[in-house]
Every structure is written in structure tokens, then in C-alpha cells.
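J.: Attaching a single structure in C-alpha cells format; questions to follow.
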Amino acid sequence: MVGRVPGQWFFYALCLILLPMGTEAADPEILKPRVPPGQIEQARSWKNPFPSTQDNIEKGKKLFYGKAFCVTCHGKDGKGLGNIPGLVGKLPRNFTDKSWQAARTDGELLWILKNGSRGTAMAPFIPRILTEDEAWQVILFVRSFGK
Ligand code: HEC
């Protein structure tokens, strides 16, 4: 028991050093807007017409795991594949990152679902895979990872 105490402190200290390396929050690249400057004001003005009810979140969840296959890149837990050591940053977004959630408006996320994120594996999903209404529901589900 006594011997474990210093071990614990060592563990905490190690976490303090390693945590910022292992989370995307430490990478300012993640927080940079994905919507081009010329379009961001307009994108931010788009409001989600669906209230964040359990029913609507559930609809988004079905799409995320189902026909929109978001899960294949963003993971079951919404953390993307970024929890693979050494590959952080190159992989899809960690939706549980609260600083990322706070940095984006719903409108910016809809813009991404319409246009994709240039130069990355994030492709446009509207209108081929999702209708705009479905995309708003998926966004409600994406938001639920940040809560
Ligand atoms: C083929 C892999 C892949 C699939 C499938 C995929 N994504 Fe992504 N997604 C990515 C990658 C990679 C990024 C990171 C892009 C970047 O850094 O700009 C990303 C980023 C995002 C972002 C964050 C953009 C931002 O502003 O930071 C959102 C939101 C998102 N995806 C939602 C979705 C949703 C919803 C689906 C399903 C409809 C989906 N993605 C399907 C790979 C994918």
C-alpha cells in the first residue's frame, strides 16, 4: 500500500506529460476553420431546424452507424481513429473533444457535409448519401459525443 503512493504520483506526472501529446485538443490544426473565409460567415448563419430531442438524436445515430457509414472513419465512440498512438492528427476528428465542439457552429458542420474537407478523406455527403434534413439529424448525433 505504502509503496503504491509514489507509483501513483509518477503515473499522474506521466499523464500530465503524455496527455497533451495524445489528444487532438493540443493540436491547434484541428481547431482551424475548415470552411473557407469567403463562405464561413454564411455557413455560420445556418441554424439546425431540428431541436436536439432524443428522437432526433436517435435518427442521426441510425444514419451515422447505417447508410451514411460515418462510423467507418469516425469510430463507434466518435473518437475517430486518432487513439492509435503515433497517428494522431492525420485521422478523422475526435468528436468527444470539447474544444473542437466549441470551435464549430452547426452551420459549419453542415457546410462540411455538403462540401467535404478539401485534401482529406472527408467527402461531401449531401445530396448523394444524405438529404439536408438527414444531415442536420446526424449533426445532432455528432454533438451528443461532446456531452
Ligand atoms: C472515409 C472516411 C470518412 C467518412 C466515411 C466520414 N468522415 Fe468525417 N472526417 C473524415 C476525416 C479524415 C476528417 C478530418 C478532416 C479535416 O481534418 O479537415 C473528418 C472530419 C469530419 C468533421 C469535422 C470537420 C471540422 O469542421 O472539423 C465532421 C463534422 C465530420 N467529419 C462528420 C462526418 C459525418 C457526419 C460522416 C457521415 C455522414 C462522416 N464524417 C464520414 C473522414 C471521414
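J.: Pop out the ³J(HN,Hα) list for the range 121-133 in order, Karplus 6.51 cos²θ - 1.76 cosθ + 1.60 with θ = phi - 60°, rounded to Hz; leave Gly and Pro as x.
T.: Karplus-based 3J(HN,Hα) across the range 121-133 equals 6, 7, 8, x, 10, 9, x, 5, 10, 10, 6, 4, 4 Hz.
J.: Also, I was wondering about something else. Counting only protein heavy atoms and using a 1.4 Å probe, what share of the accessible area of the range 24-144 belongs to carbon plus sulfur, as a whole percent? Please list the in-between numbers first.
T.: Numbers: 3970 of 6740 Å².
The computed percentage sits at 59.
J.: At 7 Å along the Cα-to-beta-carbon direction for both Arg44 and Lys32, put a label point, then send me their distance in nm to one decimal.
T.: Once both label points are built, they end up 1.8 nm from each other.
J.: Right, another one. Of Lys62, Lys67, which has the most accessible area with a 1.4 Å probe, and how do the rest follow in descending order? List each step's numbers first, then the result.
T.: On the way: Lys62 145, Lys67 110 Å².
Per-residue accessible area, sorted high to low, gives Lys62, Lys67.
J.: What does the extension gain come out to for Leu81 and Asp133, with contour length at 0.36 nm per residue minus their alpha carbon separation?
T.: 16.0 nm
J.: Then there is this: Determine the gain in length on full extension of the stretch Lys114-Lys98; use 0.36 nm per residue of separation and subtract their C-alpha separation, reporting nm with one decimal.
T.: Details: separation 16, 0.36 × 16 = 5.76 nm, distance 2.32 nm.
Value of the extension gain: 3.4 nm.
J.: If you don't mind, another one. How would Ile40, Ile30 rank on accessible area, largest to smallest, probe 1.4 Å?
T.: Ile40, Ile30
The values are calculated or read from the model by the stated rules, or taken from the named source; none is laboratory data. Quick caveat, the model's predicted, so the values are computed rather than measured. Ideal geometry is used to build each Cβ from the backbone, glycine not excepted, and the neighbour counts take in all protein chains shown. Heavy atoms of the whole protein, side chains included, go into the accessibility calculation; ligands, DNA and RNA do not. Shrake-Rupley method; radii C 1.70, N 1.55, O 1.52, S 1.80 Å.
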